[in-house]
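Take a look at the structure set out below.
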Amino acid sequence: MILRSFLAVFLSLAAVCQPPLSALDTKDAAFLDLVERQSFQYFVTAVNPANGLVLDKASNRSAPDLTYAPASIAAVGFGLAALTAGAERGWIDKAAAQEQVKTALGFFSDKMESEHGFFYHFVDMKTGKRVWDCELSSIDTALFLAGALTAAQYFESPEIKDLAKKLYERADWKWMANGSQFLSLGWTPEKKFLASSWNDYNESMVMYILALGSPTFPLAPESWTAIKRTRGKYKGHELILSPPLFTHQFSHAFIDFRGKRDAFADYFENSVQATLANRQFCIDSARSFKTYGKNSWGLTASIGPDGYKAYGAPPGPALHDGTVAPSAAAASIVFTPEHSLAALKHWYAKHRDDLWGRYGFADSFNLDRDFFAADAFGINQGPTVLMIENYRSGLIWKLFMSRPEVQKGMKKAGFGAAGARAPAAGSAVETAAYFLHKRPFITVRTVADFLKPEEPGLDAGLWRKAGNAVELDRKYLQSGLNSQPAYKVRAELLADSRFFF
């Protein structure tokens, strides 16, 4: 009976775990080891040792200030999984890593603010209390749980295994669906469930797999089937569109989609095509922005010169301003190993003085704006570690995919062998991209960076809250949105003929 059970587990693991992707020469292997090891340091030093909470962001140059930024629960999840890679490679003592995991899971179990098993997006680094009036986040809770389940498969501690199981089983996915097929983006005590739901293809796949596999509050398979998967094309790359690259990476950091597909797509190949399209768009836009090029690409959510943005590329509507995030290429290494490695080596060789620091590559940079991010962000450092480790050894995939709950969720979602079914012909729409260097330009005279209530053509009543004037400097104005305290206005000034020569 024991032998039969062992064989069943072995065959199950063999079915879900494929060999790693990497075939590196000694020099490239050493370089990737450097990038992964340095990025991993974020989850050792930007952490409160008393509770395991991980900073949302931390300076890439100086020692972390645990009072500077709140903790991100998604960063905690990525960190828990990253600790398995660090322990396996000897970057942290395995007993110390196990203790950090145990501390974090114990704190989440007993002291973190929560509701129906879900946690707030951002919390105080010391107390775990909600900050910034943020929401209970369904996706960030899911990423935390994915990390917890991964760690529980690696470490031998019965306490860790029990805590991870209880935290996962506590999440009431049916409550978070709020009577819908889809999970809500979140919930707040003031406004209850947020108006938007996870009804489109994006980074939420790992969340839905966990929800489908839940032994306590499972969603029905129809929730997976109902997700909208809009297909698009860009320069010969056809995929389910979702412009920022992180949406094609977060779930793949845990789920090994290689050789598998459901009724709708081969999601691994979909992410390959999304990465290639993202890179191609940067190449095509290189005349518009100095940062872009064949070895400098990667548009994803990151900090930019005008604040944090969800940067992305076609197909679909794409926000970009010349800002590239090294993590976008790093976390795509399982999809485009040659291109990703070339980009990382290029940045290390050319921009190391400005871009490299305590945690490897800083979050982002923009050469046109002479901008190099001062910080590293946990939700970008985490996928960098996990995806490079998956490329090198497949460790995170092996651990997460060996969870019976994950296997149950994948089965309910209808996953089988890749290539079984293909999308309907003609279902993808080609994106006609807009390039800055091809647009017409017009010269305008410089105007003061404020507007007064008596400005001709403006309704003075609209400006009453602003006092004497509305400031339009970079401190407040970002992408047309003025966010001064107690006053918000959409600025529509670019086509105002009064300011033309």
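A few remarks follow.
Condition check ((1) touching a Leu at 6+ places or on another chain (Cβ under 6 Å); (2) assigned by TED's automatic domain parsing to the domain that holds residue 79; (3) without any contact (Cβ under 8 Å) to a residue 60 or more places away in the chain) across all residues:
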{"residue": "162", "(1), (2), (3)": "no, yes, yes"}
{"residue": "186", "(1), (2), (3)": "yes, yes, no"}
{"residue": "200", "(1), (2), (3)": "no, yes, yes"}
{"residue": "211", "(1), (2), (3)": "yes, yes, no"}
{"residue": "221", "(1), (2), (3)": "no, yes, no"}
{"residue": "227", "(1), (2), (3)": "no, yes, yes"}
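- Figure legend. Inter-residue proximity from region 403-428: first residues at pLDDT 60 or above, second residues in a loop (DSSP other than H, G, I, E, B), beta-carbon distance below 6 Å, spacing 6+ or different chains. Indicated pairs: 413/262; 414/262; 414/263; 415/262; 418/259; 418/266.
- Enumeration of residues in region 273-291 that are surrounded by fewer than 19 Cβ atoms within 10 Å (Cβ to Cβ) and assigned to a helix (DSSP H, G or I): 283, 284
- The residue that is nearest to residue 252 (Cα to Cα), counting only those in region 344-360 that are buried (at least 18 other Cβ atoms within 10 Å of the Cβ) and in contact with a strand residue (DSSP E or B) (Cβ under 6 Å, 6 or more places away or on another chain), is 359.
- Subset tally (residues that are over 23 Å from the mean Cα position of the chain (by Cα) and assigned to a loop (DSSP other than H, G, I, E, B)) for region 102-112: 1
- Subset of region 181-205 that is in contact with a strand residue (DSSP E or B) (Cβ under 6 Å, 6 or more places away or on another chain) and farther than 19 Å from residue 310 by Cα - its residue that is surrounded by the most Cβ atoms within 10 Å (Cβ to Cβ): 184
- Some residue of region 103-125 being basic (Lys, Arg), at pLDDT 95 or above, under 29 Å from residue 191 (Cα atoms) and out of contact with any Ser or Thr (no Cβ under 7 Å at 6 or more places or on another chain): yes
- Residue in region 160-179 that is surrounded by 22 or more Cβ atoms within 10 Å (Cβ to Cβ) and touching a strand residue (DSSP E or B) at 6+ places or on another chain (Cβ under 8 Å) present: yes
- Only a single item in (1) under 18 Å from the mean Cα position of the chain (by Cα); (2) of a type outside the set (Lys, Arg); (3) crowded, with 22+ Cβ neighbours inside 10 Å is not met by residue 307, and it is number (3).
- Tabulated pairs, region 335-348, first among the hydrophobic types (A, V, I, L, M, F, W, C), second surrounded by fewer than 19 Cβ atoms within 10 Å (Cβ to Cβ) and assigned to a helix (DSSP H, G or I), C-beta under 7 angstrom, 6+ apart or interchain: 335/272; 341/28
- Those residues of region 312-332 which are touching a Ser or Thr at 6+ places or on another chain (Cβ under 6 Å) and assigned to a loop (DSSP other than H, G, I, E, B), in sequence order: 314, 315, 322, 323, 325, 331, 332
- Among the candidates 264, 257, the residue that is in the same structural domain as residue 372 (by TED's automatic domain parsing) and either closer than 30 Å to residue 119 by Cα or polar (S, T, N, Q) (or both) is uniquely 257.
- Residue in region 376-394 that is touching a residue at least 40 places away in the same chain (Cβ under 8 Å), among the hydrophobic types (A, V, I, L, M, F, W, C), in the same structural domain as residue 52 (by TED's automatic domain parsing) and farther than 30 Å from residue 213 by Cβ present: yes
- When residues of region 333-360 are limited to those that are among the aromatic types (Phe, Trp, Tyr) and in a loop (DSSP other than H, G, I, E, B), the one farthest from residue 305 (Cα to Cα): 335
- Boolean, residue 363 is over 14 Å from residue 82 (Cβ atoms), at pLDDT 95 or above, among the acidic types (Asp, Glu) and in a loop (DSSP other than H, G, I, E, B): yes
- Scanning region 361-386 for residues that are buried (at least 24 other Cβ atoms within 10 Å of the Cβ) and out of contact with any Asp or Glu (no Cβ under 8 Å at 6 or more places or on another chain) returns 361, 364, 381, 382, 383, 386.
The values are calculated or read from the model by the stated rules, or taken from the named source; none is laboratory data. Fair warning: this is a prediction, and the values are worked out from it, not measured in the lab. Cβ sites come from the backbone with ideal geometry, for glycine too, and all protein chains shown count toward neighbours.
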